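Engineer: The structure under discussion is supplied below as structure tokens; questions concerning it will follow.
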Amino acid sequence: MKKIARFVSIFMFVLGVGFALAGCQDNTTGATTASTTTSGVTQATTTSGAAQATTTTVTTSVTTPTTDTTVNTSPWFLAGNFSGYVPNDEDFRMSAVEDNEGWYTITVSLTVDNRDNAYDGHYYKVTDGTWTVCYGTEKYALQPAPVSPTGGGLGSIWVYENMELTVLFDANTLTIYDNSMVDEFSSPRIYGDFNTALEHGSNWGITEDDALVLLDDNEDGIYEGEWTFPAYDGTGEFGYSFAVAIQAAYYINEWGNYWGVTEQYLFDGSSGGMGLVSYLNPGVETTYHFAYDSTNNVTTVTTTFANPIIYGDFSAWSLFSEDAIVLEQSLTDENLYVGTLTLDAYTGEGDGYMLAVSLGAQLYYWEGVGTWGATTQYLFDGSSGGMGLVSYLKPTDTTTYVFSYNNTSHVTTVTIDLISPIIYGDFSSWSLSSETAIILTQDVADENLYIGTATLPAYTGEGLGYMMALCTQEKLYYWEGVGTWGAGTQYLFSGDNGGMGKVTYLNLSESMELTFTYNVSTNITEITPPTGKSVAPFELLSRPTLYGTFTRETDDSECWILEGEDAAVMTLVSGETTLYEITLTLDTFVAPTDGYYTADLGYRFILVTTKANIGWGYYAGEQYLLNGSPAGMGAATIITVMEDATYRFVYDSLTHITTYSIVE
């Protein structure tokens, strides 16, 4: 985007014409003096909240150029096409600037009549009256200095336009300024009244040190940058003021000399200046991302939320309404953000309340009015939202929903805590709302207990028995974009986590009225049958497990381990569907000297597939000797290990036979 001066590239090929100006001797310093540049800075008045073309000067400013009314003894001349290239024309002797020692100025008329037609344009240098000491492009304040495309000038400053040209020369630094200087920025710059708050230079400053410079790293014409702004605490009605500056010009007038923006845009792409600005009004510290599109001059402003927000028609589609739900990071999983929302029964005619999860906001413009709206957003099933795509909730009563958003999958899990635990299963057609589902009520004497009674007929199915689980929560599941409510948090009667096909089985040989008691502190559900009757609910182990005395190291409590990290849980043999294996390192058998097993001649082994409760908790249920026959009432397979070795055990779930061999 860099363009030092605006010009029309007109190439004229003129024969027999010399260079416009004579060259200067580079090794002379002429009347250069020690720097006495004043430190004061003069700038034009800028009204609060208005991005005008009058901003802080880049150079050391001077007061209004004023010529001396006495005899002009200035040692400096302006020489160029307007003077016939005479280096010491008295009509073009520069005048000292009042109250600015070492500064000189002159204004000349550049017209079509005095234009250099051979090289097209106007050319000038500052001289001491000779071509020996003279200064041009190498001392120009704007670099690279403008040079003619026709090749004319020999280092002289080129001005294409016909204009009233005012030149300032700082003899202290040998620097030349004029009001033809136009700087088209290599990158757009955002400037305004926010700099002080950001501790980033001066308000309304347009230098690279003051303004926010946008960059186009991938060269796609989109210039971007991101900065964090403190909460706005100013007195303005709308917040911080902004404009995007593309080009600046150098002004020399009664207010001094300074750079001012000449081309600038509001965020919506319309022209700025003359008091027209865009605004941002952060209520808290906020990071904004700016993306300026050089094809249409629109600046897209977005912000990413620190926490996801759930919003929708219940919050009047406002992301910042008190009704919108800000999810908080889970204390147990940094990828999860959780929150709750209570909705009244839906009485509308649609599919229910409309909701979405938003991760950020964008400033949208409609007829010049900026409004914040959601940018990146997701539906509850993790698919992208927006453009009319929403998720729905349709409560029939006042309901409190629990949301858990996963920032990796973008899925939002929606659950409802049940008022009372419910026992459900195949006997209730897997419905939590079926009349046959068993609703438990809180015990009056013990708030940790929930009790319910139901009569179940004898089991006559072809499975292992009635399949049951206790549910404390409903969950919204999605299949091909359609949401359906099902069981959420659930437990087996043993207290283990349920779901994913895990259930408690109950095989009744006759119809019984059963009492179910759920303990919320242990998640265990007890079944009480009628007097004189017994029941034996059971559950499948995760995989076949070896069970016995081979796990004993110091005492009998280490025997018969059914579950946990010390249990001998088998794994499926690779490529097989019915064979399970485990490798155990066994020491040479030595009978224990204390405990129950001192008379044993080897390790005891049983293969167990289920755990059951026949009245005193869940222990080994269906179990087999290693030869495949059922193990009952203390029976076990005895293996006398004669040497320390590693053994591989393989169980066949079809025959229930377990074989073993030493691993070589």
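The values are calculated or read from the model by the stated rules, or taken from the named source; none is laboratory data. Remember, it's a predicted structure, so these values are computed and weren't measured experimentally. In this analysis, Cβ positions are derived from the backbone assuming ideal geometry, glycine residues included, and neighbour counts consider all displayed protein chains.
Engineer: Residues in the range 189-230 that are assigned to a loop (DSSP other than H, G, I, E, B), touching a Ser or Thr at 6+ places or on another chain (Cβ under 7 Å), buried (at least 19 other Cβ atoms within 10 Å of the Cβ) and not polar (S, T, N, Q): how many?
Structural biologist: 6
Engineer: For the range 412-419, indicate whether the set of residues that are over 18 Å from Ile310 (Cβ atoms) and outside any strand (DSSP E or B) is non-empty. Talk me through it step by step, then tell me what you get.
Structural biologist: In the first step, residues of the range 412-419 are kept if they are over 18 Å from Ile310 (Cβ atoms); the result is 418-419.
Remaining after also requiring outside any strand (DSSP E or B): none.
Checked the range 412-419: no residue is over 18 Å from Ile310 (Cβ atoms) and outside any strand (DSSP E or B).
Engineer: Quick one: Ala567 ticks every box in (1) out of contact with any Asp or Glu (no Cβ under 8 Å at 6 or more places or on another chain); (2) over 30 Å from Gly495 (Cβ atoms); (3) modelled with pLDDT of 95 or more bar one, so which box is it?
Structural biologist: Evaluating Ala567 over (1) out of contact with any Asp or Glu (no Cβ under 8 Å at 6 or more places or on another chain); (2) over 30 Å from Gly495 (Cβ atoms); (3) modelled with pLDDT of 95 or more leaves (2) as the failure.
Engineer: Here's a check for you: in the range 530-561, which residue that is among the hydroxyl-bearing types (Ser, Thr, Tyr) and in a loop (DSSP other than H, G, I, E, B) is nearest to Ala635 (Cα to Cα)? Steps first, please.
Structural biologist: In the first step, residues of the range 530-561 are kept if they are among the hydroxyl-bearing types (Ser, Thr, Tyr); the result is 531, 534, 542, 545, 547, 549, 551, 554, 557.
When the remaining residues are screened for being in a loop (DSSP other than H, G, I, E, B), the result is 531, 534, 549, 551, 554.
On the way: Thr531: 30, Ser534: 23, Thr549: 12, Thr551: 17, Thr554: 23 Å.
This residue is Thr549.
Conditions (1) within 18 Å of Ala316 (Cβ to Cβ); (2) among the polar types (S, T, N, Q); (3) in contact with a Gly (Cβ under 8 Å, 6 or more places away or on another chain); (4) not in a strand (DSSP E or B), marked per residue:
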residue	(1), (2), (3), (4)
Gly348	yes, no, no, yes
Asp351	no, no, no, yes
Ala356	yes, no, yes, no
Tyr364	yes, no, yes, no
Thr371	yes, yes, no, no
Gly382	no, no, no, yes
Tyr392	yes, no, yes, no
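Engineer: Related question: Working only within the range 233-248, note down all residues that are outside any strand (DSSP E or B) and buried (at least 19 other Cβ atoms within 10 Å of the Cβ).
Structural biologist: Gly239
Engineer: For the range 125-182, which strands (runs of 3 or more DSSP E) that fit wholly inside it have 2 or more residues that are surrounded by 23 or more Cβ atoms within 10 Å (Cβ to Cβ) and among the charged types (D, E, K, R)?
Structural biologist: On the way: elements: 157-159, 163-170, 175-178.
No strands (runs of 3 or more DSSP E) qualify here.
Engineer: Somewhere in the range 529-539, is a residue buried (at least 16 other Cβ atoms within 10 Å of the Cβ), acidic (Asp, Glu) and under 30 Å from Ala458 (Cα atoms)?
Structural biologist: yes
Engineer: Restricting to the range 562-599, and then to whatever is outside any loop (DSSP other than H, G, I, E, B) and not hydrophobic (A, V, I, L, M, F, W, C), can you tell me which residue is surrounded by the fewest Cβ atoms within 10 Å (Cβ to Cβ)?
Structural biologist: Narrowing the range 562-599 to residues outside any loop (DSSP other than H, G, I, E, B): 568-569, 571-572, 579-586.
Then drop every residue that is not not hydrophobic (A, V, I, L, M, F, W, C), which leaves 571, 580-581, 583, 585.
Values: Thr571: 11, Tyr580: 22, Glu581: 18, Thr583: 12, Thr585: 9.
It comes out as Thr585.
Engineer: If only one of Thr441, Thr455, Thr472 is surrounded by 16 or more Cβ atoms within 10 Å (Cβ to Cβ), in contact (Cβ under 8 Å) with a residue 12 or more places away in the chain and among the polar types (S, T, N, Q), which one is it?
Structural biologist: One residue alone meets the criteria, Thr472.
Engineer: Of all residues in the range 489-500 being outside any strand (DSSP E or B) and either of a type in the set (Asp, Glu) or modelled with pLDDT under 95 (or both), which is farthest from the chain's Cα centre (by Cα)? Spell out how you get there, then give the answer.
Structural biologist: Let us first name the residues in the range 489-500 that are outside any strand (DSSP E or B), namely 489, 492-496, 498, 500.
Applying the additional criterion that residues be either of a type in the set (Asp, Glu) or modelled with pLDDT under 95 (or both) yields 496, 500.
Values: Asp496: 37, Met500: 33 Å.
Per the stated criteria, the residue is Asp496.
Conditions tested, residue by residue: (1) hydroxyl-bearing (Ser, Thr, Tyr); (2) modelled with pLDDT of 95 or more; (3) under 52 Å from the mean Cα position of the chain (by Cα).
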{"position": "Lys125", "(1), (2), (3)": "no, yes, no"}
{"position": "Ala141", "(1), (2), (3)": "no, yes, yes"}
{"position": "Ser156", "(1), (2), (3)": "yes, yes, no"}
{"position": "Asp170", "(1), (2), (3)": "no, yes, yes"}
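Engineer: At least 2 residues that are closer than 14 Å to Val520 by Cβ and outside the structural domain of Tyr392 (by TED's automatic domain parsing) in each: list the strands (runs of 3 or more DSSP E) lying fully within the range 423-488 that qualify.
Structural biologist: 449-456, 466-479
Engineer: Could you check the range 631-655 and list, in sequence order, the residues that are loosely packed, with under 11 Cβ neighbours inside 10 Å and either under 59 Å from the mean Cα position of the chain (by Cα) or within 20 Å of Leu464 (Cα to Cα) (or both)?
Structural biologist: Listed by number, the residues that qualify are Gly632, Asp644, Leu654.
Engineer: Tyr251 fails exactly one of the following numbered conditions: (1) in contact (Cβ under 8 Å) with a residue 24 or more places away in the chain; (2) surrounded by fewer than 20 Cβ atoms within 10 Å (Cβ to Cβ). What is the number of that condition?
Structural biologist: Answer for Tyr251: the failing condition is (2).
Engineer: Moving to a separate point now. Could you check the range 475-516 and list, in sequence order, the residues that are without any contact (Cβ under 8 Å) to a residue 40 or more places away in the chain, surrounded by 14 or more Cβ atoms within 10 Å (Cβ to Cβ) and β-branched (Val, Ile, Thr)?
Structural biologist: Thr504
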